[in-house]
Amino acid sequence: GNPVYDATAYLRLDGNTIIFSRFKGGKLVQIGTIAISQDGRSRTNTTSGIVGPNGLADTTVSFYDKQ
């Protein structure tokens, strides 16, 4: 398993956007979004909260481009 979270809940806002919440032992530790571009060629993930097993909080942004 993942040392940061043990459960994830997803909420689809529309056809291109998902919001997620991650929990560890019932406590909220991360929130984020997954957004797909309108043309479907790129994806952006944004995550805020506890990002490592050391307990430090941060925000990460990842961008993926379809080749």
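Computed values, structure above
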read-out	value
Dipole axis of the chain (+1 Lys, Arg; -1 Asp, Glu on Cβ), positive-most option in Y5, G15, I50	Y5
Percent accessible area from carbon and sulfur atoms, the chain, protein chains only, probe 1.4 Å	54 percent
Percentage relative contact order, the chain, counting C-alpha pairs under 8 Å, at least six apart	23 percent
Label selected from (1) 12.4, 37; (2) 13.0, 39; (3) 10.9, 31, the criterion being Rg and Dmax of the Cα atoms in Å as computed here	(2)
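The values are calculated or read from the model by the stated rules, or taken from the named source; none is laboratory data. Here the structure is a predicted model, which means the values were calculated and not measured. When we count neighbours, we look across all protein chains shown, and the Cβ atoms used for this are built from the backbone with ideal geometry, even at glycine. Please note that ligands, DNA and RNA were not included when accessible areas were found on the heavy atoms of the full protein model with its side chains. Shrake-Rupley method; radii C 1.70, N 1.55, O 1.52, S 1.80 Å.
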